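Read through the structure below, which is laid out as structure tokens, and then see the notes.
The values are calculated or read from the model by the stated rules, or taken from the named source; none is laboratory data. In this text the structure is predicted, and so the values were computed from the model without any measurement. Please note: Cβ atoms are built from the backbone with ideal geometry, for glycine as well, and neighbour counts cover all protein chains shown. For accessibility, only protein heavy atoms count, side chains too; no ligands or nucleic acids. Shrake-Rupley method; radii C 1.70, N 1.55, O 1.52, S 1.80 Å.
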Amino acid sequence: MSADAYFDKLDREKATAPLAREVRGWIRARAPQLTEALAWGYPCYSGEGRICSIVPHKAHINLQFFRGAELAGHVRVEGSGKALRHVKIYAVDDLDDGLATILAEAVGLDRA
């Protein structure tokens, strides 16, 4: 399944689909060099390695960072995984400069 097909299906299944589409566009605008593909059933964005993925839930979107433990200095980064952490997105307003900084640092970790 392609990422486009994933989002088309999501439109029929989840109330958070419009927000997931906003997150998708936001990532593409800030990191156009990343490739988009499905991994573990979710849209995943990669450079040299996997950087982040969009995981829709009932009332929010998790923007998961594969090296999120290395971003844990940011108060918005949640979770206790050895590597994977996430930021919860409840509304378009959450796609702010602070989150852009987190994404930029995640992309930087991929390049390192």
Tell me, what HN-Hα J-couplings in whole Hz come from the Karplus equation 6.51 cos²θ - 1.76 cosθ + 1.60 at θ = phi - 60° for each residue of segment 42-49, using x for Gly and Pro? 10, x, 10, 10, 10, x, 5, x
Calculate the spin-label point distance for residue 90 paired with residue 48, positioning each point 7 Å from the Cα along the beta-carbon direction, and give it in nanometres. 3.7
Report in % the part of the accessible area of the chain that belongs to carbon and sulfur, leaving out ligands and nucleic acids; probe 1.4 Å. 50
Theoretical gain in end-to-end length, residue 2 to residue 83 [0.36 nm per residue, Cα-Cα removed]: 26.5 nm
Cut-off under 5 Å, modelled amide H: who pairs with residue 16 long-range: none
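Rounded, prolate or oblate: which one fits segment 24-112, using the alpha carbon gyration tensor with axes a ≥ b ≥ c (rounded when a/c is under 1.5, else prolate when a/b beats b/c, else oblate)?
Judged from the Cα gyration tensor, segment 24-112 comes out rounded (a/c under 1.5).
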Model label zone, residue 74; criterion: amide N under 20 Å from point 7 Å along Cα-to-beta-carbon; scope segment 13-30: 19-30
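Once the other residues with Cβ under 14 Å from the Cβ of residue 21 are scored (Lys, Arg +1; Asp, Glu -1), what is the net sum?
Summing Lys/Arg as +1 and Asp/Glu as -1 gives -1.
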Give the accessible surface of the chain per residue, rounded to a whole number of Å², with probe radius 1.4 Å and ligands, DNA and RNA excluded. 54
For the chain the mean separation of alpha carbon contacts under 8 Å (6+ apart) over residue count, i.e. relative contact order in percent, is 22
Note down the nm distance, to one decimal, between modelled labels 7 Å out along Cα→Cβ at residue 11 and at residue 40. 2.7
